[in-house]
Amino acid sequence: MDNNNSNKSKRSGISVRRKVGSAVKFILLGLWAVIVLFPFYWMILTSIKSYSAYNAETTPQFITLSPTLENYVKAFNSVPLPRYFLNTFIFAVITTALMLTVSVLAAYAFSRLEFRGKNLVFTLFLSLMMIPNELVIITNFVTVTNLGLRNSFPGLILPSVASVFYIYLLKENFEQIPDELYKAAKVDGTSDFKYLMKVVLPIAKPTVVTVTILKVIECWNSYMWPRLITDKKEYFLVSNGIQEIRESGFGRQNTPAMMAAVVVISVPLIILFLVFRKRIMEGVSRGGTKG
């Protein structure tokens, strides 16, 4: 009886500790979620406050009793945001498609094909990740300018079609596919390109989807290069539109309208992440696991 009571008390103590640990974990995660999401809440809240109500606040108000959509109308009227959305969509789609083509082929070559100097070339590729983008942006600017591609979509797109990080991520994922599948395919007379399309890409689909989404987000948030290579509004992206609102003085004087423009630009990315969040997590976990 004493042993039974002792075992029950031990199990009870373990159960209590687990419950306390779970409660503490959820509380910490909840606090972290509040810290992360608060800037988004504040952005949306500011965007639905009227200009007069916002300026009349002596202390920040965390709710508003008179929301308005007037700021969104003003944001769209201040700059041609629909045109910038179209430019960004074209830029993101074409850049992502070209980047995927280059990255998938390069990753397959490094992971499956055998050629002289493969390891050396891949090591040189990885070393490029040590170089900050700010150091190559000047070289890219001079090259694009000499080619006469300023203020054009090719000038915007070409410097972004290759990514060492995405090549590395895909290579690591491709290497997880058993060698037996490749050998069996070669015995059947399957070409490398057909094996890539029919076997590798379907198996690595989560990682490919993740890379696609991350690249779209990267293109949507691109600011420095579009700002440097374009000075005509016909090629401005949404990030340039935000800066244009600010530089015109309208955004500095009317913060709620500025926040409304930021909300409009952020919504597509938030929706994209919410729809594909499971694929993103699955792709990242697969890309970081060997064996």
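None of the figures in this text is laboratory data; all of them are computed from the coordinates on show. Since the structure is predicted, the reported quantities are computational estimates derived from the model, not experimental observations. All Cβ positions, glycine included, derive from the backbone under ideal geometry; neighbour counts span all protein chains shown.
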Can you list the lysines whose alpha carbon sits under 27 Å from that of K25, skipping same-chain ones fewer than 8 residues off? K8, K10, K278
Taking the mean number of other Cβ atoms within 10 Å as a proxy for protection, how do you rank 133-143, 147-157 from highest to lowest? 147-157, 133-143
So how do 31-37, 188-194, 202-208 stack up, highest first, on mean other-Cβ count within 10 Å? 202-208, 188-194, 31-37
Applying the gyration tensor rule to the Cα atoms of the chain (axes a ≥ b ≥ c; rounded if a/c under 1.5, else prolate if a/b exceeds b/c, else oblate), the class is oblate
Highest-fluctuation residue, Y223, Y195, Y84 considered, GNM on the chain with Cα pairs under 10 Å: Y195
Select from S111, V263, Y51 the residue farthest towards the positive end of the dipole of the chain; place +1 on Cβ of Lys and Arg, -1 on Cβ of Asp and Glu, and compute about the Cα centre. S111
In terms of the alpha carbon gyration tensor, root eigenvalues a ≥ b ≥ c, rounded if a/c is under 1.5 and otherwise prolate when a/b exceeds b/c or oblate, the range 4-147 is oblate
Quick one: which of K171/K215; K171/K194; K118/K171; K49/K233 span more than 23 angstrom between C-alpha atoms? K49/K233
